[in-house]
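Taking it in order: structure first as structure tokens, then the write-up.
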Amino acid sequence: MLRLILLCSLAAGLAGCTGFPKLDAAVGPEARQAPYPKLAPLGQILECPPPQAAAAKDPTAGLAARGAALRAKARKLYNSPVPGG
């Protein structure tokens with residue numbers, strides 16, 4: 001247990017001696033001269049969007065058509081031969 005504590009202390013000490021990368025060189029001059037982005041008011045961000053016209057419709061017809069298409073696809077896959085089998 002003592003060895004583990006010493007090993008962790010040594011690793012933490014060595015990690016503290018690491019040099020930091022030059023981050024200033026990673027930013028180009030055009031990015032330095034660019035204006036700050038415009039911030040949106042928090043009220044606009046948290047505001048709920050208006051309901052869509054499509055969401056107001058009854059989805060039953062669309063779901064029934066999708067279900068029929070999926071059942072037809074399942075029937076086709078069920079009746080198809082298995083390759084290599």
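All of the numbers you see were taken from the coordinates with simple rules; none came from a lab. Quantities reported herein were computed from a predicted structural model and do not represent experimental measurements. Every residue, glycine as well, gets a Cβ built from its backbone with ideal geometry; the counts of neighbours run over all protein chains shown.
Please identify the trypsin sites (Lys or Arg not before Pro) of the stretch 1-84 that satisfy two criteria: DSSP loop assignment and at most 13 other Cβ atoms within 10 Å. Which are they?
K22, K38, K57
The list (i) 2.59; (ii) 1.15; (iii) 1.41 gives values of Cα Rg over 2.2 N^0.38 Å, and only one came from this structure; which label was calculated from it?
After the calculation, the listed value that fits is (i).
Helix 60-79 against the longest principal axis of the chain: what's the angle in degrees, Cα atoms only, rounded to the nearest 10?
The angle comes out at about 90 degrees.
With +1 on the Cβ of every Lys and Arg and -1 on the Cβ of every Asp and Glu, and nothing else charged, how large is the dipole of the chain about its Cα centre, in debye rounded to the nearest 20?
580
Quick one: angle between helix 2-16 and the longest Cα principal axis of the chain, in degrees between 0 and 90, rounded to 10, please.
90
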